[in-house]
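Contents: one structure, followed by commentary.
The values are calculated or read from the model by the stated rules, or taken from the named source; none is laboratory data. Everything numeric here is computed off the predicted structure, so don't read it as measured data. Here the Cβ is made from the backbone with ideal geometry for all residues, glycine too, and neighbour counts use every protein chain on show. For the accessible areas, the whole protein counts, side chains as well, though only heavy atoms, and no ligand, DNA or RNA atoms are used. Shrake-Rupley method; radii C 1.70, N 1.55, O 1.52, S 1.80 Å.
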Amino acid sequence: MGDKFEIVIVGGGTAGWMCAAACAAKLDPARFRVRLVESEEIGTVGVGEATLPQMKDFNDFLGLDEAEFMQATQATFKLGIEFINWGRQGDRYVHPFGTFGRPIGEADFFSYWIRAHRAGTAASLSDYCFPIVAALQNRFMLPSGDANDVRNAFAYAYQFDAFLYARYLRQWAEARGIERVEGRIVEVEQDGGTGDIAAVKLASGARIAGDLFVDCSGFRGLLMAQTLGVGIEDWSHWLPCDSAAAVPSARSADFHPYTRSTRRTAGWQWRIPLQHRTGNGYVYSGADISDDEAAATLLANLDGEAMAEPRVLRFKACKREKAWAHNCIAMGLASGFLEPLESTSIYLVQMAIMHMLTLLPSGPGIDPALPAELNRVMDVEYDRIRDFLILHYIANEPDAPLWERVTTMAVPDTLADKIDRFRHRGHVQAYRDGLFGPPSWQAVFVGQGIEPQAADRLADVLPAATVEERLASLAATIADAAATAPSHADFIARYCPAPAP
Ligand SMILES: Cc1cc2nc3c(=O)[nH]c(=O)nc-3n(C[C@H](O)[C@H](O)[C@H](O)COP(=O)(O)OP(=O)(O)OC[C@H]3O[C@@H](n4cnc5c(N)ncnc54)[C@H](O)[C@@H]3O)c2cc1C
């Protein structure tokens, strides 16, 4: 090995190119050499269209121009996720990327809302959240920047074509010194003594050696699973959906600044509006519906003409036992998969990249404290998302065999505790690391019918009429503020119109 620390990224899907771009942006080329190996013959998963607000942080971290990125990826804005038929058939709520209400008195806003809600004097929780009110009117604006303005109490994410994003990042990263190697890896060479990965060998005969390998090879986990034998924690008993049928459809006239998830008999269907098309998919449990039935249900529930035949993908809800083992870090689908109900996969890639950059070894050899820390934080991330997803499954009226099973299953203790605390007083513990914050939990709990039995005592201090009047005034302020935002389609047409692909 030469003087430089050599990083070899295996795989050029969203995970591989995000990692390569971050290395290009932040690692000193005098000290690091970064190569990415990918095989056009094998290709990428090519789905993954909805993201979380942290995606903007990642793009800002790279220094990407937002409008240019959105044009390159046919992106739209996302203010949250709308859930239809979750809880009970006919129900509808939004998980927003923003907060509910604003301070009224000594207690937090949510406690006042519980009190008024229990007294029958509050409006729906959604009416106190600017991004929900704006989203449901198909309106969008950037946060106003004024801390006193309700139009500042939100963040936003993107809905985009993940394949185009990887392509965009590839150009960006190659222009900044990342070396791309085309070819199929046919052999992985390990050090006879340590078991570390020494090199990957390509079908062409080329051999690529490195100090650190990043496994972004997708579900197959070429390095982490197939070579190092790191197993998975199987969570499919909690998250039983194991398949998805995906199909793009023609862009419909309405241009939602949100992703939609509709609960169905054997799973749920996504709808993600991009600039050039709408992404759709039915995520389902193969034990409850056949692939043909799932595809037929999907095609029967599009709001534009299908642009291809549905493509079926298989997966298992799981986390890789270790994200970092030996001299290899797994990211993306190679590190586990949690179904796309809350659009968390690309976020998990981003977290793995940030922790990798923080914990990169500073010389030869890897101090065991580095993998231990990365594995700890990635475990926290996965566990928290897992619990949040399971909540969506258990809080439903059981109206089909899948829903009868999941609504009666035993849940992880961490989630059971969270539900108890919420039922009691509406408490949601805030985390230092990991998703999701209190407003997200409040949205799903309330949206799916889990209600607190009481509010915090401090919320009793103000007279009921004062609370009622302040809530009404806040809802009116938010409604007026939302009416000032342009339509999502107009905003995009002005800010980042993408040419037809
Ligand atoms: C149904 C579904 C819906 C999803 N929806 C979302 C969503 O809404 N939001 C979200 O954030 N995420 C979503 N995801 C996840 C998202 O698609 C992935 O996290 C993301 O695309 C990362 O994929 P990847 O790069 O890990 O793997 P892949 O895209 O599979 O890329 C693997 C790469 O490894 C290379 N490779 C593999 N083997 C070899 C070899 N032997 N030699 C050389 N190269 C090799 C391939 O060529 C490819 O470049 C979804 C996933 C699925 C399955």
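Out of (1) buried (at least 24 other Cβ atoms within 10 Å of the Cβ); (2) near the ligand (Cβ under 8 Å from one of its atoms), what's the single condition that is false for V34?
(2)
Select from the stretch 10-22 the residues that are in contact with a Lys or Arg (Cβ under 9 Å, 6 or more places away or on another chain) and farther than 15 Å from R220 by Cα and write down the one among them that is nearest to the ligand (Cβ to nearest atom).
Going through the qualifying residues, I end up with W17.
Could you list all residues from the stretch 255-268 that are in a strand (DSSP E or B), open to solvent by less than 10 Å² (accessible area, probe 1.4 Å) and within 13 Å of A244 (Cβ to Cβ)?
Across the stretch 255-268, the qualifying residues are S261, G267, W268.
Which one of these is under 28 Å from A485 (Cβ atoms) and within 13 Å of the ligand (Cβ to nearest atom): R251, R260?
Testing whether each residue is under 28 Å from A485 (Cβ atoms) and within 13 Å of the ligand (Cβ to nearest atom) leaves just R260.
Might you check whether a residue that is open to solvent by less than 10 Å² (accessible area, probe 1.4 Å) and under 29 Å from N138 (Cβ atoms) occurs anywhere in the stretch 295-310?
yes
Checking A455 against (1) under 18 Å from Y93 (Cβ atoms); (2) outside any helix (DSSP H, G or I), only one condition comes out false. Which one?
So A455 meets the others, but not (1).
Would you mind stating whether R207 is within 16 Å of the ligand (Cβ to nearest atom), of a type in the set (K, R) and within 17 Å of G16 (Cα to Cα)?
Here the answer is no, as R207 does not meet what is asked.
For E106, are the conditions met, namely being out of contact with any Asp or Glu (no Cβ under 6 Å at 6 or more places or on another chain) and open to solvent by 50 Å² or more (accessible area, probe 1.4 Å)? Give the derivation first.
On the way: out of contact with any Asp or Glu (no Cβ under 6 Å at 6 or more places or on another chain): yes; open to solvent by 50 Å² or more (accessible area, probe 1.4 Å): yes.
Yes: the conditions hold for E106.
Could you please let me know if G193 is away from the ligand (no atom under 11 Å from the Cβ) and more than 30 Å from A295 (Cβ to Cβ)?
yes
I need the strands (runs of 3 or more DSSP E) fully contained in the stretch 1-108, keeping only those with at least 1 residues that are within 29 Å of L360 (Cβ to Cβ).
The qualifying strands (runs of 3 or more DSSP E) are 5-10, 32-38.
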